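Student: Could you have a look at this structure, given as structure tokens, before my questions?
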Amino acid sequence: MDSCAPAPAKPGDFIRDIIDDDLAAGRHQKVITRFPPEPNGFLHIGHAKSICLNFGLALDYRQRLPGSGTRCHLRFDDTDPAKEDTLFEEAIQEDVRWLGFEWDGLYHASDYFQKMYECAEHLIAQDKAYVCSLSDAEIKAYRGNVTTPGKPCQFRQRSHDENMDLFRRMKAGEFKDGEHVLRAKIDMSNPNMKMRDPLLYRIRHTAHHMTGNTWCIYPMYDFAHPISDAIEGITHSICTLEFENNRELYDWVVDNLIDYARFPSRPRQFEFARLNLNYTVMSKRRLLELVEGNHVSGWDDPRLPTIAGLRRRGYTPESIRAFCAGVGVAKANSTVDMAQLEFCIRDDLNQKAPRVLGVLKPLKVVIENFPDSRTEELDASYWPHDVPKEGTRKVPFCREIYIEQDDFMLEPPKDYFRLAPGREVRLRYAYCITCTDVIKDGSGNVIEVRCTYDPDVKPGDNPVGRKVKGTIHWVSARHAVDAEVRLYDRLLSEEMPPAGKDSEFLKAINPHALQVLLGCKLERSLETASPGERYQFERQGYFVVDPKDSKPSALVFNRIVTLKDSWARAQKK
RNA sequence: UGGGGCGUCGCCAAGUGGUAAGGCACCUGGUUUUGGUCCAGGCAUUCCGAGGUUCGAAUCCUUGCGCCCCAGCCA
């Protein structure tokens with residue numbers, strides 16, 4: 001803020017309202033949040049919403065409460081050794097940083113395994129937990145269902161001593177996976193199914209990527225999460241709506257341990273609606289299926305809504321943050337329109353991406369009255385009049401050029417103002433040309449267009465006495481740089497993937513989500529474009545030099561997003 | 001069916017008893033050497049429905065309806 005004008009009424013959201021209230025009531029003097037991914041997959045744009053919320057909260061309140069210790073942790077929720085991996089942890093850290101956030105402390109739930117174990121023994125000592133030796137099928141049966149209360153099993157009566165002995169032997173590795181579990185002793189007939197003596201620990205003879213073989217019993221999420229939060233002094237533990245039922249258990253765990261464990265805070269859980277986007281999939285299961293089933297090239301495939309995918313697609317962190325801010329934080333389940341995300345990247349790149357000329361589907365044009373021996377070097381601005389930036393390059397103009405196939409029509413409709421037999425168009429930054437003839441192949445396809453140019457109208461000038469409505473892009477045939485261009489579009493061709501539990505959604509994959517174009521003709525200046533650089537190919541869209549596959553000798557561009565195209569939209573009607 | 005949540009424009013979303021913000025999308029028109037950008041205008045007499053309280057209700061009460069979540073030794 002460099003203005004002394006009163007800050008505009010901040011949008012705010014219900015979480016900030018709660019925090020403001022907590023601060024005003026003196027319940028907290030600082031705010032500590034955390035972003036707690038499980039390292040078993042890549043982050044996607046839904047996580048970005050949570051990241052922006054949690055880290056954003058820390059940033060905002062640190063400003064308001066300087067020196068208070070307000071912060072946001074990154075914590076890996078690594079309580080299930082079978083699914084988690086260091087590989088994912090590295091990718092997650094890279095993604096969080098790329099989005100523009102830095103954590104105040106990196107933690108693992110596994111850092112607290114010893115403490116959690118002690119808490120479990122404490123609960124046993126307090127008769128608040130017991131070792132249950134039912135099979136998983138029996139546990140399920142005893143739990144009842146949403147309309148039928150569960151019922152206690154015989155093991156619920158075990159003595160403290162027996163429970164303690166069994167639990168210690170579980171830890172010592174005396175039992176096989178599944179033989180016993182530790183459960184909270186709460187209420188088997190509680191209307192909230194999460195409270196029907198939930199499992200706290202299970203036996204897993206599996207090496208953990210952080211703790212190795214130190215443990216063969218691992219805490220469940222509902223036990224590990226509140227304890228981790230409380231140990232770290234988290235004040236506001238923000239999660240998604242599906243955990244609303246778990247909040248009662250979260251509170252039970254904290255309340256039953258807070259005096260014993262002397263937690264530095266009494267954290268509270270708050271739930272907000274996770275992000276859903278149409279024309280794509282966001283669930284871990286579906287993303288995993290796409291990757292492992294080789295339906296995409298990997299976690300960073302530009303068709304995916306993963307952070308890595310969006311990054312490779314050419315999205316900017318700023319655009320993703322703007323998107324998250326625009327979407328807001330609330331409690332109603334919702335599905336945001338992909339058009340909103342596309343708007344954000346166009347809006348950002350409009351100011352950031354230099355304009356260049358590139359012909360994707362080339363059609364040769366010969367300008368008959370332009371000498372073959374001549375080359376003109378024309379000035380072309382990198383920026384349109386409305387972007388306040390300086391910079392130009394020279395583009396060579398010759399007798400033979402390429403234009404876009406879509407910019408020529410044999411029998412154009414009246415409102416088509418590009419090139420057609422007898423029609424005149426302006427070549428961007430160059431001359432006006434008139435089509436005098438076309439050359440077709442054996443099957444009647446136009447393979448070359450013959451034109452003449454008006455030497456009296458200098459590049460940059462307007463012809464006198466007539467108006468030339470259309471301007472098209474072009475590239476000098478002799479100077480063009482060949483490139484591969486990957487045209488990306490929405491992952492799915494349907495707004496919502498079929499609901500099926502299985503792989504139904506695969507049928508909704510948009511076959512045109514990736515179209516590879518070879519032999520595209522780009523202007524000479526792009527020869528030295530380097531990986532990660534973004535450009536606007538005028539009249540077509542925003543493109544990025546693929547960070548992985550592009551080589552100086554074999555350029556590869558990814559289409560980030562098309563430009564809005566009111567002509568194409570009008571055509572559909 | 002028990003419990004927990006949620007229902008404001010096509011999609012998000014403010015609003016917390018004083019007479020429906022904003023963004024996206026869409027539609028009009030203008031500017032334009034990008035059919036881009038930008039600019040101007042339009043876009044909910046009504047807030048899931050029905051009653052009620054009140055001078056006044058999206059906001060309070062009652063009662064329906066709809067949708068989501070919970071029956072993993074996943075998170």
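The values are calculated or read from the model by the stated rules, or taken from the named source; none is laboratory data. Worth saying up front: this structure is predicted, and the values here are computed from it rather than measured. Backbone-built Cβ (ideal geometry, glycine too); neighbour counts: all protein chains shown. The area values use the complete protein model at the heavy-atom level, side chains included, leaving out ligands, DNA and RNA. Shrake-Rupley method; radii C 1.70, N 1.55, O 1.52, S 1.80 Å.
Student: Given labels modelled 7 Å from the Cα in the Cβ direction, how far is it in nm from A:Ser530 to A:Met193?
Tutor: Those two pseudo-labels are separated by 5.6 nm.
Student: Oh, and also: Provide the per residue accessible area, probe 1.4 Å, for region A:14-272, rounded to a whole number of square angstrom. Write out the running numbers ahead of the final one.
Tutor: Working: 10700 Å² over 259 residues.
For region A:14-272, the solvent-accessible area averages 41 Å² per residue.
Student: Over chain A, what is the relative contact order in whole percent, taking alpha-carbon pairs under 8 Å and six or more residues apart?
Tutor: 11 percent
Student: Next question, about the same structure. With charges only on Cβ, +1 for K and R and -1 for D and E, what is the dipole size of chain A about its Cα centre, in debye, rounded to 20? Mind dumping the intermediate values first?
Tutor: Details: 80 positive and 86 negative charges, 180 e Å.
Using Cβ point charges on Lys, Arg, Asp and Glu, chain A gives about 860 debye.
Student: Which FRET efficiency value, to the nearest 0.05, do you get for A:Glu179 and A:Ser283 by plugging their Cβ-Cβ distance into 1/(1 + (r/R0)^6) with R0 = 30 Å? Show your work: numbers first, answer last.
Tutor: Details: r = 32 Å, r/R0 = 1.07.
E between A:Glu179 and A:Ser283, to the nearest 0.05, is 0.40.
Student: On to the next question. Highest mean first, what order results for A:28-41, A:557-570 on Cβ atoms within 10 Å?
Tutor: On the way: A:28-41: 21.6, A:557-570: 16.3.
Top of the packing list down: A:28-41, A:557-570.
Student: Packing-wise, with mean Cβ within 10 Å as the measure, how do A:284-295, A:73-84 rank, highest first?
Tutor: Details: A:284-295: 14.7, A:73-84: 21.3.
Result, highest mean first: A:73-84, A:284-295.
Student: For region A:355-369, in order, what is each residue's ³J(HN,Hα) by Karplus, 6.51 cos²θ - 1.76 cosθ + 1.60 with θ = phi - 60°, in whole Hz (x at glycine and Pro)?
Tutor: 8, 9, 10, x, 9, 7, 10, x, 10, 6, 10, 10, 9, 4, 9
Student: Quick one: with all protein chains in place, what share of the accessible area of region A:152-219 is carbon or sulfur, to the nearest percent (1.4 Å probe)?
Tutor: Values: 1500 of 3190 Å².
The value for region A:152-219 is 47 percent carbon and sulfur by accessible area.
Student: So, one more: Any idea what % of Cα-Cα pairs in region A:358-473 are farther than 21 Å?
Tutor: Numbers: 2597 of 6670 pairs.
Distances greater than 21 Å cover 39 percent of the Cα pairs.
Student: So, one more: What FRET efficiency comes out for the pair A:Met164/A:Lys548, r = Cβ-Cβ distance, R0 = 60 Å, nearest 0.05? Intermediate results must be reported in sequence, preceding the final value.
Tutor: On the way: r = 55 Å, r/R0 = 0.91.
Step by step, r from the Cβ atoms, then E = 0.65.
Student: Quote the FRET efficiency, to the nearest 0.05, computed for A:Glu318 versus A:Lys467 with a Förster distance R0 of 41 Å and r equal to the Cβ-Cβ distance.
Tutor: Numbers: r = 39 Å, r/R0 = 0.95.
Working from the Cβ atoms, E equals 0.55.
Student: Output ³J(HN,Hα) for region A:287-300: one whole-Hz value per residue in order, computed from phi by the Karplus curve 6.51 cos²θ - 1.76 cosθ + 1.60 with θ = phi - 60°, and x for Gly and Pro.
Tutor: Once θ is set to phi - 60°, the couplings for region A:287-300 become 4, 4, 5, 5, 6, 6, x, 6, 7, 9, 7, x, 4, 9 Hz.
Student: Right, here's the next one. Before rounding to the nearest 500, sum -39500 (n - 2.57) across all DSSP H runs of length at least 4 in chain A and divide by the residue total; then give [θ] at 222 nm in deg cm²/dmol. Provide the component values of the computation, followed by the final result.
Tutor: Values: 13 runs with 154 residues, N = 573.
For chain A, the value works out to -8500 deg cm²/dmol.
Student: Measure up A:Lys185/A:Lys331; A:Lys364/A:Lys414; A:Lys171/A:Lys284; A:Lys140/A:Lys171; A:Lys194/A:Lys331 against 28 Å on the Cα-Cα distance and list the ones that go over.
Tutor: On the way: A:Lys185/A:Lys331 31 Å; A:Lys364/A:Lys414 24 Å; A:Lys171/A:Lys284 31 Å; A:Lys140/A:Lys171 24 Å; A:Lys194/A:Lys331 21 Å.
Table pairs above 28 Å Cα-Cα are A:Lys185/A:Lys331; A:Lys171/A:Lys284.
Student: What are the aspartates and glutamates whose alpha-carbon lies under 18 Å from the alpha-carbon of A:Lys389, with same-chain residues fewer than 8 places away excluded?
Tutor: A:Asp347, A:Asp348, A:Asp379, A:Glu533, A:Glu538
Student: Of the options A:Thr211, A:Thr235, A:Gln269, report the single residue whose Cα projects farthest towards the positive end of the charge dipole of region A:194-276 (beta-carbon charges: Lys, Arg +1; Asp, Glu -1).
Tutor: A:Thr211
Student: If each of A:Ala82 and A:Asp379 carries a label point 7 Å out from its Cα toward its Cβ, how far apart are those two points in nm?
Tutor: If labels sit at A:Ala82 and A:Asp379, their model points lie 6.9 nm apart.
Student: Please work out how much length the chain gains when fully extended from A:His512 to A:Asp251, using 0.36 nm per residue of separation minus the C-alpha to C-alpha distance, in nm with one decimal.
Tutor: Working: separation 261, 0.36 × 261 = 93.96 nm, distance 4.88 nm.
So the extension gain works out to 89.1 nm.
Student: Quick check: at a probe of 1.4 Å, how many percent of the accessible area of region A:358-473 sits on carbon and sulfur atoms?
Tutor: 47 percent
Student: Please give the contour-minus-distance gain from A:Gln340 to A:Ser503: 0.36 nm per residue of separation, less the Cα-Cα distance, rounded to one decimal in nm.
Tutor: 55.9 nm
Student: How many nm separate the modelled label positions at A:Trp98 and A:Asp386, each set 7 Å beyond the Cα in the direction of the Cβ?
Tutor: Between A:Trp98 and A:Asp386, the label points sit 3.0 nm apart.
Student: Now for a different question. In nm, what is the difference between 0.36 nm times the number of residues separating A:Gln157 and A:Asp565 and their Cα-Cα distance?
Tutor: Values: separation 408, 0.36 × 408 = 146.88 nm, distance 7.10 nm.
Full extension from A:Gln157 to A:Asp565 adds 139.8 nm.
Student: Per residue and in Å³, how big is the convex hull formed by the alpha-carbon atoms of chain A? Display every interim value, and only then the final one.
Tutor: Numbers: hull volume 115.1 nm³, N = 573.
Here the figure is 201 Å³ per residue.
Student: How high is the relative contact order of region A:19-152, given as a whole-number percent (alpha carbon pairs under 8 Å, six or more residues apart)? Present the calculation step by step, with values, prior to reporting the outcome.
Tutor: Details: 133 pairs, mean separation 30.0, N = 134.
Once normalised by length, the contact order is 22 percent.
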